[in-house]
Structure formats: C-alpha cells, structure tokens
Amino acid sequence: MSSSRRQLLWRGAGLAVWTGARRLLGADQLVPMHAMKVQPAPIKRGLYAAGLPRFVDALPIPSIAKPEASGKYRIAMREIETQVHRDLKPTRCWSYGTTVPGPTFEVRSGKSVDIEWKNELPAKHFLPIDHSLCGAGKEVPEVRTVVHVHGARVPPQSDGYPERWFPPGKSRVVHYPNQQEAAGLWYHDHAMGIERLNQYAGLFGAYLIRDEHEDALGLPRAPYEVPLFIFDRIFDVDGQLQYPTSGMDDSPWISEMYGDAILVNGKLAPDLEVEPRAYRFRVFNSSNARFLLLSLSDGTAFQQIGSDQGLLPAPVPLKAFSLAPAERADVLIDFSPLAGKELVLMNQAFQLMRFRVKAAPVAVKWQPPAKLREVPRIPRSASVKTRTLGLDEYEDPATHAMFMLLDKKRWHDPVSEKPVLGSTEIWELVNYTGDVHPIHLHLVRFQILERQKFDIDGYRFEKKMQLIGDPFPPELGEVGWKDTVQAQPEMVTRIIVHFEGYAGRYVWHCHVLEHAANEMMRPFEVLPAKTR
C-alpha cells in the first residue's frame, strides 16, 4: 500500500482535484462527503468536431474462440491497432487476441474448460497510472493483468482476484467448471490499481454459457444472435485514446470517466444489415462509468428475455431499458414488420448504430415462448443473516483526502463479510451518496428483493436511519438471477444471496471502475460448511 495520500485543492469555480500525502486511516477518522467530485483537467479532444459521418462502417462481429487439439484455449493479450472509424487513423488498443472486443467463448453448462491467458503486452502502459492508488505503487510492474470471468462460479484461484496479477512475459492456466445455467457472462481485466485503465484500453470480451434448456426454446442463433458491446471513450483528432486525469502529476485519478464518443463492438456508429425476422442481441455495458438508456428510434419494442445470469421467467416487452456498467441484457428485436426500413439504436439522444432491414419477403413472424425458465424466488425465511452495508464517500478531516468506501472499510482492512458455504444471506446496500453504484458480487448469483427510500438528512445530521414509505419491487427486467445490482442513491437496496459453489476469498465492489480503484472494493470470504 502506498504511503502517499491525495489532498483536496480547489481551483477556479470549485474545480476539485487531488494531490498530496496518502496514509492509512480508520473509519472513525473519516467524515462523510456527499457532493465533491474529482473533475478531469482539459485534454486534447476534437473527434466529432472533425465531422465524422455515421453509419459508414459495418458492425464487427467478434470471432468465436477455438480450443486447440488438446481442448485447452490459449488467448494472448497484445497491443494492437484497430480501425474505429473509416476516416480515422488506426487506434492503439490492448486486446485479447486481435480485436476489441476479444473473441467470444461459447461453452456448455457442465463441461469445464481450461484457458491459458498469456500476457504479451508491452512493459510500459500507454495510459496515465496513479501510483498513489491501492496496489498501484511504483514498486510493482507498470503493466500487469489478471482475467475475471464476470458472473462465473469458479474456485477462488480461478476467479481473477485483483492481487493475483501477472506481468508481461508470464501466463496462467485457469480452470472454469461452467457448473451453472445458460447465461451471457463476460471476461475482463481485474488487476489491482489499473483495472480501469486495462479495460479502457480494450481488455474485455463475451463468455456465453449454453445449456439444453435454452437450446430447446428455439431462440435465434448465429448469424441471428449478435453480441453488442457498448462503451464510451475519448479520442484525440488523430483517433488515439485519451484517458482524462485530474491534471496533478502525483495523483491523476478522477472519480468517473465519461467519453464523448460511444462505440459498439469497437466501431463508432456502425451499420448492421438485418433480415426481416427476429434477432437476438446480447447487450453488454462495458463502459467504465457510463449508464445506458437504450431505445429504438422508431419506438419499436424490445422483448427482454434475460439479464445478467440468464433467462427471465417470461419475456418482458420494453420500449427502453437501462444498463449500468457491467450489467447485461438479452433482448429480441422482431424486424419482420420493418422490411426495407431503417432504425437506429439510441442511448437517450445519442445515435449508437443503425439497423438496415432488407427489402425482402417478410419471414414468418416468430414469437418467443410465453415461459422461458423457472426462476424460483428465494424466500426471506431462508436467510440466516442480514448484513447492512453502507456505500459512501469520505473525506479525511486532516488531509482532505477522498475515499470511496464499502461499509466504511478499505481494501486492506480485515475481512468482515464471511458467509458460510451453502447458507443464504440478505445484504442491505445503503447508499448515502448521490450516485447510482452498480454493486457486483463475485462467485454468486442473487435476486433483488426490493428498494426503499430513507431520510438522508436525518442520517447525516442525527445519525438515525429512518425508512420512508413502502419498499418497491425490482423492475420486470430485474426479476431473474443477477450478479450486478443498481444501488440507487438515498435508498436501501436489498438482495438475497445463496452462497453456493466454493469456499475461499472473493471480491465485491462497485463496477464504476474509477470508484473501485479508490477503495470501493472489498474482499469477502466464503467459509467451509461445518461438518459433523
């Protein structure tokens, strides 16, 4: 852990940046901080000022990862150049394989696979490292990686624990049992202190688990099943990635990264020609911090059939849906009534990509089954423990340093969440901030019970927790199995978790990557079940 700690300075009209000395503090030495944000210093922009035309590049479809004759996969992490737009110079990125996103894994439930992840990246990072962040000190290699398959039920040594990184020139063989139902998972870097930079550089891809139940539903398959990775970035006028900083050399961290350009499968405003029939889109929000609100320009409805951890009980018709960073949605779009027309996938008012429907004879209209999968609700009575866990921002009163903490604890504080393997718990996520925090638990899937408002002023000034009104249930698109939940501001979000799979140490954290980098990440430990 670095011995330096940032200090808050004010510039101009309230611009907050961080610098200075960093030191360990107990939670009782911190005071809540609810409004301050570390804003980026000005950087060289100008991508859209150059007047780039939209819909001139075809949507890339990631390749399918292929195992070797031995059955093992080998995937190298490399620096590459990729064309994000027809009229731009190639952009330097990091990738799994040769593309961003990396290749899609298609695996079968119950059939394990081994993957050798090879770090063939350069020794020097091309994005700005903050060496004052936990685990990112100058004493460790500047470039290091570890792969986390987000949503996978795996032994702890295969989970991508942030401190189990390996540097360039090294590799690691990881075992994935795939003992879980069909789901749209994804893999990404998880290295301590630089995860936000490594993912921003391009280290992510899809990991799809299939099973017989899903096969029997007759859902669209390739080429009518298409992954859509949506992520925002900042480019300079030459098309090169820019990651904003606070402007302080010794502490470049900012609280969130929002780009002025949004890509789909690594292209700016791509185009996809489709047939007049039903398509299945596996949608991934792989942004660092940006939340998405997706709709179609002509008002056509989606049918959401799945979320993070697999199929919903039944299709949900939606005109729009939201995705926090790391959340996924499995949706159907029926283009059969739209032959010869064009429509655009929108993020609010921002045009993400275009669909051009062929002017061909209309295919037979297809409807998903009325029932998709049984998702039995976990009864509250199954819970053996309720944990109340705060999400907050803190300022050290002595140094004015900012922390973003879970349950008032930092990464290296003793592990406090120790569920027993096979047990069920309710976690109450109490959000004292003005931000939505997408909270992800490794290893497990869970269900959202409810959300409930509380009196934030009463808590701040009187230290009393006063709930307001009745709790309200999850949205229809959230009633399936989840691994990431949007903890809304000034609300208690309750989830119920069955800890199944493996004993060992795992991680829970906010999936706004800049938050996780500044202590909004904690280990938890699943204890072995007691035996007679």
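The values are calculated or read from the model by the stated rules, or taken from the named source; none is laboratory data. Quantities reported herein were computed from a predicted structural model and do not represent experimental measurements. Neighbour counts run over all protein chains shown; Cβ positions are idealised from the backbone, glycine included. The accessibility values were calculated without ligands, DNA or RNA, using every heavy atom of the protein model including side chains. Shrake-Rupley method; radii C 1.70, N 1.55, O 1.52, S 1.80 Å.
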- prompt: So how much slack lies between GLU374 and HIS213, counting 0.36 nm per residue of separation and subtracting their Cα-Cα distance, in nm?
  reply: 56.9 nm
- prompt: Around GLU225, which amide H atoms from residues at least 5 apart in sequence, or from another chain, sit under 5 Å from its own amide H, with H modelled in the peptide plane?
  reply: ARG280
- request: Please turn the phi angles of segment 462-467 into ³J(HN,Hα) values with the Karplus equation 6.51 cos²θ - 1.76 cosθ + 1.60 (θ = phi - 60°), one per residue in order, whole Hz, x for glycine and proline.
  value: 10, 6, 10, 9, 10, 6
- request: Using a/c under 1.5 as the rounded threshold, could you call the chain rounded, prolate or oblate? The axes a ≥ b ≥ c are square roots of the C-alpha gyration tensor eigenvalues, and prolate needs a/b larger than b/c, oblate otherwise.
  value: rounded
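Only loop residues by DSSP count here, and only those with at most 16 other Cβ atoms within 10 Å; note down the GluC sites (Glu not before Pro) in segment 183-282 that meet that. Walk me through the numbers on the way to the answer.
Numbers: sites: GLU195, GLU212, GLU214, GLU225, GLU256, GLU273; in loops: GLU256.
Sites meeting the loop and neighbour criteria: none at all.
Would you list HIS400, HIS442 from the most to the least accessible area, probe 1.4 Å?
Working: HIS400 80, HIS442 0 Å².
Ranked from most to least accessible, the order is HIS400, HIS442.
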message: If I ignore ligands, DNA and RNA and count only protein heavy atoms, how much of HIS412 is accessible to a 1.4 Å probe, in Å² to the nearest 10?
response: 100 Å²
statement: Residues whose modelled amide H sits under 5 Å from the amide H of MET353, counting only those 5 or more places away in sequence or on another chain, are LEU345
task: Starting from the Cα of LYS365, draw a straight line to each of the lysines and keep only those under 29 Å, dropping any in the same chain fewer than 8 residues away.
output: LYS319, LYS341
message: Can you give me the C-alpha center-to-center distance between segment 353-378 and segment 497-523, rounded to a whole angstrom?
response: 34 Å
message: Please give the charge dipole size of segment 43-173, origin at the Cα centre, charges +1 on K and R Cβ atoms and -1 on D and E Cβ atoms. Round to the nearest 20 debye.
response: 120 debye
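Leaving out ligands, DNA and RNA, what percent of the accessible area of the chain is carbon and sulfur, probe 1.4 Å? Could you put the intermediate results ahead of the total?
Working: 10540 of 20080 Å².
C and S atoms contribute 52 percent here.
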message: For segment 287-390, report the % of Cα-Cα distances exceeding 16 Å.
response: 69 percent
message: Are there any GluC sites (Glu not before Pro) in segment 71-138 that are in a DSSP loop and have at most 16 other Cβ atoms within 10 Å? List them by number.
response: GLU120
- prompt: If you place +1 on the Cβ of every Lys and Arg and -1 on the Cβ of every Asp and Glu, how big does the dipole about the Cα centre of the chain come out, in debye to the nearest 20?
  reply: 600 debye
- line: Interchain or sequence-distant (5+) residues whose placed amide H lies within less than 5 Å of the amide H of LYS341 are VAL357
- prompt: Along segment 263-280, what does the Karplus equation 6.51 cos²θ - 1.76 cosθ + 1.60 (θ = phi - 60°) give for ³J(HN,Hα), rounded to whole Hz, x for Gly and Pro?
  reply: 10, 10, 6, x, 10, 8, 6, x, 10, 10, 7, 10, 8, x, 7, 7, 10, 10
statement: With the 1.4 Å probe rolled over protein heavy atoms, the chain has an accessible area per residue in Å² of 38 Å²
- line: Rounded to the nearest 10 Å², the accessible area of VAL357 using a 1.4 Å probe with every protein chain kept is 10 Å²
query: In whole Å, what are the Cα extents of segment 225-332 along the three principal axes, biggest one first?
result: 52, 29, 21
query: If ligands, DNA and RNA are left out, what is the accessible area of PHE166 with a 1.4 Å probe, given in Å² to the nearest 10?
result: 10 Å²
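Please give the charge dipole size of segment 468-532, origin at the Cα centre, charges +1 on K and R Cβ atoms and -1 on D and E Cβ atoms. Round to the nearest 20 debye. Intermediate values should be presented prior to the final figure.
Details: 6 positive and 9 negative charges, 100 e Å.
The calculation lands at about 480 debye.
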- request: Sort segment 476-532 into rounded, prolate or oblate with this rule: let a ≥ b ≥ c be the square roots of the eigenvalues of the Cα gyration tensor; rounded if a/c is under 1.5, and if a/c is not under 1.5, prolate when a/b is larger than b/c, oblate otherwise.
  value: oblate
- prompt: Once phi is turned into ³J(HN,Hα) by the Karplus curve 6.51 cos²θ - 1.76 cosθ + 1.60 with θ = phi - 60°, what whole-Hz value does each residue of segment 61-73 show in order, with x for glycine and proline?
  reply: 10, x, 5, 8, 5, 10, x, 6, 4, 6, x, 8, 8
- prompt: Roughly speaking, what is the centre-to-centre gap between segment 386-429 and segment 277-340 when only Cα atoms are used, to the nearest Å?
  reply: 32 Å
- request: For segment 200-264, calculate the relative contact order in percent as a whole number, restricting contacts to Cα pairs under 8 Å that are 6 or more residues apart.
  value: 33 percent
query: In whole Å, how far is the Cα centre of segment 214-231 from that of segment 242-272?
result: 28 Å
